[in-house]
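Below is one structure, written out as structure tokens; comments come after it.
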Amino acid sequence: PKAIAERVVPLLSPSRGQIDGPTKTEESIEHAKKRRRYRILWAGRLDRQKRFDLVQEIARQIPEADFLCWGKPLLDAPPDYSRSPDNLVLNEGFVSYDDLPLGEADLWLFTSAWEGMPTILIELAHRGMSIVASSVGGVPEMIDDETGWPVTDVQSIDAYVTRIRAALAEPEERIARARRLRERARTRHSMSAYVRQVSEVLDKETAA
């Protein structure tokens, strides 16, 4: 009902902490001078929603890059691991985002078929990662053509490959978009922004 809908306020999830210093994209471009191959990261549950099958095929079409992945099945049957090409390495899981080689990777790949607002993208945004992501659910609120490389045709392997290659070809643009992404995350998904939003709601109710 309209009377109830008007009283529903979405609260934007805050990050665990604010990350300062150079973006991970800037670090990765510096590290890229010491390695011969691109490095792309992916992590998620190995369930139907996260589309690890797409990652396998994307990796197959970009043989000049190494795909380092983390995840395990929780809800669905495990994927067919035999379909993974030689340039894809799957690790079981990780404890902290800071355990991942974010500063030594060129891109983060996000392939979910549906989503709300993924916590992982909020955390990566605060760290200044370059992200190629499926435009589903709340993801476009974070990842658009100003802050990353969104993929609208989320079923298309070619669409992901095109966006990945475009991002890899423009290191300076990756830095620019990563900086804008970090700023968007700080504006929308910091603890200070969360506290301010909750306070505004409570102050409004008190005034009423």
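Which length gain, in nm to one decimal place, applies between D98 and K33 when the Cα-Cα distance is subtracted from 0.36 nm times their residue separation?
Roughly 21.2 nm would be gained on extension.
Magnitude of the Cβ-charge dipole of the chain, K/R +1 and D/E -1, about the Cα centre, nearest 20 debye? Mind showing how you got there, number by number?
Working: 30 positive and 33 negative charges, 31 e Å.
Charge dipole, the chain, about its Cα centre: 140 debye, nearest 20.
Give a quick list of chymotrypsin sites (Phe, Trp or Tyr not before Pro) in segment 50-126 that DSSP marks as loop, anything other than H, G, I, E or B, with at most 15 other Cβ atoms within 10 Å.
Qualifying residues, ordered by number: F94, W114.
Heavy-atom accessible area of R165 with all protein chains present, probe 1.4 Å, nearest 10 Å²?
100
Placing one identical point scatterer on every Cα of segment 1-97 and ignoring solvent, what is log10 I(q)/I(0) from the Debye formula at q = 0.14, 0.23 Å⁻¹?
Treating every Cα as an identical point scatterer, log10 I(q)/I(0) equals -0.73, -1.19.
Expressed as a rounded percentage, what relative contact order does the chain have, with Cα pairs under 8 Å and six or more residues apart?
Relative contact order here is 25 percent.
Can you give the angle from 0 to 90° between the axis of helix 171-188 and the longest principal axis of the chain, with both taken from C-alpha atoms, to the nearest 10?
The answer is roughly 30 degrees.
Rounded to whole Å and ordered largest first, report the semi-axes of the equivalent ellipsoid of segment 111-207 derived from its Cα gyration tensor (root of 5λ). Spell out each step's value before the answer.
Values: eigenvalues 175, 51, 15 Å².
Its equivalent ellipsoid spans semi-axes of 30, 16, 9 Å.
With all protein chains present, how much of the accessible area of the chain (probe radius 1.4 Å) comes from carbon and sulfur, to the nearest whole percent?
Answer for the chain: carbon and sulfur cover 51 percent of the accessible area.
Tilt of helix 52-61 relative to the longest C-alpha principal axis of the chain, in degrees (0 to 90, nearest 10)?
40
The values are calculated or read from the model by the stated rules, or taken from the named source; none is laboratory data. Just so it is clear, the structure is predicted and the values come from calculations on it, not from any experiment. Please note: Cβ atoms are built from the backbone with ideal geometry, for glycine as well, and neighbour counts cover all protein chains shown. For the accessible areas, the whole protein counts, side chains as well, though only heavy atoms, and no ligand, DNA or RNA atoms are used. Shrake-Rupley method; radii C 1.70, N 1.55, O 1.52, S 1.80 Å.
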